[in-house]
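Student: Once you've had a glance at the structure underneath, I'll fire off some questions.
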Amino acid sequence: MTVTEIGSPRKRKEDQRLITGRSRYTDNMVLPGMLHLAAVRSPFAHARITGVDTSAAVTAPGVVTVLTGADVAEAQGSLPNAWPITPDQVAPPHPAIAVDRVTFAGEIVAVVVARSRHEAQDAADLVDVDYDELPVVLDLEEAEKDDVLAHPDLGTNRSAFWVFDSAEAGTGGDVEDALAAAGADDQILLERTYYQQRLIPAFMEPRSTVVDPTADQITMWSSTQVPHILRLMLALTLGIPESKVRVIAPDVGGGFGGKLQVTPEEVITMLAARRTGKPCKFTETRSESLMAAHHGRGQVQRLALSARRDGTVTGLKVQLLADMGSYLGLVTSGVPILGAFMFPAIYKFPSYRFECTNLFTNKAWTDAYRGAGRPEATFAIERLMDDLAAELDMDPIELRRKNWIAHEEFPFTTVCGLEYDTGNYEAATARALELFGYDELRAEQRRRRDDGDPVQLGIGVSTFTEMCGLAPSRVLGSLDYGAGGWEYAQVRMLPTGNVEVVTGVSAHGQGHETAWSQIVADRLGVPFDDVQVLHGDTAIAQRGLDTYGSRSLAVGGMAVVAAADKVIAKARVIAAHMLEAADDDLEFTDGRFTVRGTDQGVALGDVALATFAAHDLPDGVEPSLDSDATFDPENFSFPHGTHLAAMEVDTETGQVTLRSYVCVDDVGTVINPLIVEGQIHGGLVQGIAQALFEEAVHDESGTLVTGSFVDYLVPSAADVPSFITDRTETASTTNVLGVKGVGEAGTIASTPAIVNGVIDAVRHLGVDDILMPCSPGRVWAALQGADKGRGAEAAVPTVNSPEVADRDIASTGAVQTGTDQGEQQ
């Protein structure tokens, strides 16, 4: 009987320990003699440190020591940036503890080390820091002017300027020619500015770090997505031999890119442990997490699109301002560059130019957040396509059909030079329209408009693709990324026939233990429950590049496949010897080698036991089936999909209701449909949250005023409807299983679908833009200002201005959904 684990909706192996309280998170760690850390953080967004008095804290009960920036200035180094996108990129030193100046509110200025967490926190309140406050720059468009500098010693707020031009690259025409031609009668030029608000990853488990320096090798447990990268960067930053550092990522309660980082707290905990000679722990509070862990998004997007009057697009120009915040984190500078290749999306633009200016501001630094550059790009192009459809009085679906890559045109080289290997946008869209009841909803929309209904219906459309499986190494190298994109795996055959899989990717909720078990069970023909997956410990998985960018399956999973195939190849030689047959005469099916044309055979488990005993092996064959592999793909993978949202807007109050949501995604071959559904649902909620709920808001002094879940609105199950999901399938040609990424798809597609739906409900009333999140206050203000120009622009200031902060705090949280809580997924 053929083993068919791939495609089976297996319940996750991980869930048993997670739901019964047997999971082990970093903050659960208790070591003998362990000390606890508490941080003293700056209340100012920009100030000189003129004095730090620790005398009262040092003498407080339980305190062992207090560390200031001056104490560790020589030892702490500078936190790493692994992606210098241009040779002349400007970056200030990034200290774990500020020495003489703070550049965002929440920056650490001192750390108390005490015998208990409460004693450390109490003593932290006794540290007296004197500041000389300096001017702050918070708004990107103000930062662009260089009137106020986030880092005066740099002389500019500009960190880097990066350009892609299709004419210069030889991948398309000159966009300036296309834009200039748009003045003709049969052409149209559309210019828009969109804003991406700052978001906070808001993972369930706050960051936590434990360091044990008492053995010859220093061990760090950390709630991180990147144990291997963290180990390397700690060694480089602190000058410790890498062989003397072990990093363990135990169970990790979510990341969303927010734990793709080398954090100040990790460096500080390492320094404190080495100085005291005792194990040390730092666990942040939720407010610290929201305030000082890195943020995401934060862009001003200026776009110009040229098209013929029949809707055919001819050129796209993007001028981006990207908010770096106060420092460059691990991949801060490269995040907007990932989006550069996704602005053309699924459309056949013949010319394209992308310009990105990375700017410093006096806010927490930004870095990867679920999708990392690609949601921002998808939002802009999908908003722009809807605006173009409205300008031409075309159905938004028809406009997209006119411009997207037809299924028979794959593989297709885009105007950015990417080769999309497979896809079928027509099939995904047709299925989504059917499930959504598109024509019926359009008819209802017309009736409501004709009747003057105060609650108007809008239909949001988003057709997307993304580049994921972040690799190949040669491409990342061409973009000046400081690491490769390969991944490592090892498959060990135990004498009992059980299998251990070691993987270099590090799970934090994705279900790797289950999916990898299914892949190996199918590949080797062993029972699913006989496979054990090991990960997250650099002493066990000695090599790896970890988990981010929807790379785990498309890259890490393929390393597992390659290692499993090597096991089969090794076992074939020994099985042939056991069966007294030639290697080429053997077939391997369902975990058993058989001599072709006979019933003679031997199970893989029997071969494993014979190999362990090593009593009768072929000459020159080593007694081991264990195999490892490193996989570096030739191309990205490109999942895609069509998302449709039905939005109701009360024109008298601005209240927004998400009535229904349909998405049809193509993620290639599905290993476990249950896990895929979970990833899509979670991604949808995060994308919807950006459209309707979430925003990191700062006041005019740079203080984060959404520093708790009272003000930073993370949606619950009650805030979103049940989703209608389905899948089409075009197998990727970049890997043997045909898989594509799925972890970020929902987040990338859903935000523009929601906002397009809100705008579609009120566009006929003169509104064609509303800043995110589309709170009732903003929607109502846009409706009131509709006669003053471009809708919301006349009524709503630019993102992160004090007016936005004041109004949003007063008007958040009144978005409704069309589903009872009991229906949530």
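The values are calculated or read from the model by the stated rules, or taken from the named source; none is laboratory data. This one's a predicted model, so the numbers in the text were calculated from it and none came from an experiment. With ideal geometry, Cβ positions are generated from the backbone for all residues, glycine too; neighbour counts draw on all protein chains shown. Note: areas computed on protein heavy atoms with side chains; ligands, DNA, RNA excluded. Shrake-Rupley method; radii C 1.70, N 1.55, O 1.52, S 1.80 Å.
Yes/no matrix, rows are residues, columns are (1) in a loop (DSSP other than H, G, I, E, B); (2) acidic (Asp, Glu):
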site	(1), (2)
671	yes, no
675	no, no
678	no, no
682	no, no
694	yes, yes
707	yes, no
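Student: Take the residues in region 464-498 that are of a type in the set (A, V, I, L, M) and farther than 30 Å from residue 236 by Cβ; name whichever of them is nearest to the chain's Cα centre (by Cα).
Tutor: Per the criteria, the residue is 491.
Student: So, one more: Quick one: how many residues across region 655-669 are surrounded by fewer than 24 Cβ atoms within 10 Å (Cβ to Cβ) and part of a loop (DSSP other than H, G, I, E, B)?
Tutor: So the count comes out to 2.
Student: So which residues in region 523-541 are part of a helix (DSSP H, G or I) and either aliphatic (A, V, I, L, M) or at pLDDT below 95 (or both)?
Tutor: Selection gives 524 alone.
Student: Only one residue in 648, 677, 587 is of a type outside the set (Ser, Thr, Tyr), over 22 Å from the mean Cα position of the chain (by Cα) and open to solvent by 40 Å² or more (accessible area, probe 1.4 Å), so which one is that?
Tutor: Exactly one residue qualifies, and that residue is 587.
Student: Only one of 722, 750 is assigned to a helix (DSSP H, G or I), under 28 Å from residue 651 (Cα atoms) and among the hydroxyl-bearing types (Ser, Thr, Tyr). Can you tell me which?
Tutor: On the way: 722 fails: assigned to a helix (DSSP H, G or I).
Going through 722, 750 in turn, just one is assigned to a helix (DSSP H, G or I), under 28 Å from residue 651 (Cα atoms) and among the hydroxyl-bearing types (Ser, Thr, Tyr): 750.
Student: Evaluate the following for residue 339: is it outside any strand (DSSP E or B) and closer than 27 Å to residue 684 by Cα? Spell out the reasoning first.
Tutor: On the way: outside any strand (DSSP E or B): yes; closer than 27 Å to residue 684 by Cα: yes.
The answer is yes for residue 339.
Student: Looking only at region 190-212, filter to residues that are more than 26 Å from residue 227 (Cα to Cα) and polar (S, T, N, Q); which one of those is most open to solvent (accessible area, probe 1.4 Å)?
Tutor: Among them, the one singled out is 193.
Student: Tell me, yes or no, whether region 569-581 has at least one residue that is touching a helix residue (DSSP H, G or I) at 6+ places or on another chain (Cβ under 6 Å) and among the acidic types (Asp, Glu).
Tutor: Within region 569-581 (the criterion being touching a helix residue (DSSP H, G or I) at 6+ places or on another chain (Cβ under 6 Å) and among the acidic types (Asp, Glu)), the answer is no, since none of the residues qualifies.
Student: Determine whether region 334-347 contains at least one residue that is within 27 Å of residue 101 (Cβ to Cβ), of a type in the set (Phe, Trp, Tyr) and surrounded by 24 or more Cβ atoms within 10 Å (Cβ to Cβ).
Tutor: No, the conditions are met nowhere in region 334-347.
Student: If you don't mind, there's one more thing I want to ask. In region 41-60, is there at least one residue being open to solvent by less than 20 Å² (accessible area, probe 1.4 Å), over 25 Å from residue 254 (Cα atoms) and of a type in the set (S, T, N, Q)?
Tutor: Yes, region 41-60 contains a residue that is open to solvent by less than 20 Å² (accessible area, probe 1.4 Å), over 25 Å from residue 254 (Cα atoms) and of a type in the set (S, T, N, Q).
Residue-wise test of (1) among the small types (Gly, Ala, Ser); (2) out of contact with any helix residue (DSSP H, G or I) (no Cβ under 9 Å at 6 or more places or on another chain); (3) in the same structural domain as residue 774 (by TED's automatic domain parsing).
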residue: 411; (1), (2), (3): no, yes, yes
residue: 416; (1), (2), (3): no, no, yes
residue: 431; (1), (2), (3): no, yes, yes
residue: 439; (1), (2), (3): no, no, yes
residue: 450; (1), (2), (3): no, yes, yes
residue: 463; (1), (2), (3): no, no, yes
residue: 492; (1), (2), (3): no, no, no
residue: 495; (1), (2), (3): no, no, no
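Student: Out of the residues in region 536-549 meeting the condition of being touching a residue at least 60 places away in the same chain (Cβ under 8 Å) and open to solvent by 20 Å² or more (accessible area, probe 1.4 Å), tell me which one is farthest from residue 484 (Cα to Cα).
Tutor: Filtering region 536-549 for residues that are touching a residue at least 60 places away in the same chain (Cβ under 8 Å) and open to solvent by 20 Å² or more (accessible area, probe 1.4 Å), the one farthest from residue 484 (Cα to Cα) comes out as 539.
Student: Going through region 61-94 one residue at a time, which ones are hydrophobic (A, V, I, L, M, F, W, C), in contact with a Leu (Cβ under 8 Å, 6 or more places away or on another chain) and open to solvent by 20 Å² or more (accessible area, probe 1.4 Å)?
Tutor: Answer for region 61-94, where residues must be hydrophobic (A, V, I, L, M, F, W, C), in contact with a Leu (Cβ under 8 Å, 6 or more places away or on another chain) and open to solvent by 20 Å² or more (accessible area, probe 1.4 Å): 64, 75, 90, 91.
Student: Can you go through 202, 215 and tell me which one is under 30 Å from residue 536 (Cβ atoms) and free of Cβ contacts under 8 Å to residues at least 24 places away in the same chain?
Tutor: Criteria check complete, one pass: 215.
Student: When both residues are 6+ apart or on different chains and their Cβ atoms are under 6 Å apart, which pairs have a first residue that lies in region 737-756 and is touching a residue at least 40 places away in the same chain (Cβ under 8 Å), and a second that is open to solvent by 10 Å² or more (accessible area, probe 1.4 Å) and of a type in the set (Lys, Arg)?
Tutor: Sorted first by the residue in region 737-756, then by its partner, the pairs are 744/370; 747/370.
Student: Considering region 198-220 alone, what residues qualify as being more than 22 Å from the chain's Cα centre (by Cα) and not β-branched (Val, Ile, Thr)?
Tutor: Across region 198-220, the qualifying residues are 212, 213, 215, 216, 217, 220.
Student: Quick one: how many residues across region 193-214 are more than 18 Å from residue 370 (Cβ to Cβ) and aliphatic (A, V, I, L, M)? Explain how you work it out, then say what you get.
Tutor: If we filter region 193-214 for residues that are more than 18 Å from residue 370 (Cβ to Cβ), which is where we start, we get 193-195, 208-214.
Still in the list and also aliphatic (A, V, I, L, M): 210-211.
Here the count works out to 2.
Student: Exactly one condition in (1) more than 23 Å from the chain's Cα centre (by Cα); (2) not assigned by TED's automatic domain parsing to the domain that holds residue 69 is not met by residue 195; state its number.
Tutor: (1)
Student: Now a separate question. Among the listed residues 155, 172, which satisfies the condition of being of a type outside the set (A, V, I, L, M, F, W, C), in contact with a helix residue (DSSP H, G or I) (Cβ under 7 Å, 6 or more places away or on another chain) and closer than 30 Å to residue 368 by Cβ?
Tutor: Details: 155 fails: in contact with a helix residue (DSSP H, G or I) (Cβ under 7 Å, 6 or more places away or on another chain).
Sole residue among the options that is of a type outside the set (A, V, I, L, M, F, W, C), in contact with a helix residue (DSSP H, G or I) (Cβ under 7 Å, 6 or more places away or on another chain) and closer than 30 Å to residue 368 by Cβ: 172.
Student: With the checklist (1) surrounded by 17 or more Cβ atoms within 10 Å (Cβ to Cβ); (2) more than 32 Å from the chain's Cα centre (by Cα) in hand, flag the one item residue 31 doesn't pass.
Tutor: Condition (1) is where residue 31 drops out.
Student: Does residue 187 qualify as being closer than 30 Å to residue 716 by Cα and open to solvent by less than 30 Å² (accessible area, probe 1.4 Å)?
Tutor: Considered against the rule, which asks whether it is closer than 30 Å to residue 716 by Cα and open to solvent by less than 30 Å² (accessible area, probe 1.4 Å), residue 187 comes out as no.
Student: Could you grab the pairs with beta carbons closer than 7 Å, sequence gap of 6+ or different chains, first residue in region 255-277 and more than 19 Å from residue 297 (Cα to Cα) and modelled with pLDDT of 95 or more, second one polar (S, T, N, Q) and open to solvent by less than 10 Å² (accessible area, probe 1.4 Å)?
Tutor: 265/209; 266/209; 266/222; 267/76; 269/209; 271/76
Student: Answer yes or no: is there a residue in region 142-161 that is under 30 Å from the mean Cα position of the chain (by Cα), over 25 Å from residue 331 (Cα atoms) and surrounded by 15 or more Cβ atoms within 10 Å (Cβ to Cβ).
Tutor: Among the residues of region 142-161, not one is under 30 Å from the mean Cα position of the chain (by Cα), over 25 Å from residue 331 (Cα atoms) and surrounded by 15 or more Cβ atoms within 10 Å (Cβ to Cβ), which makes the answer no.
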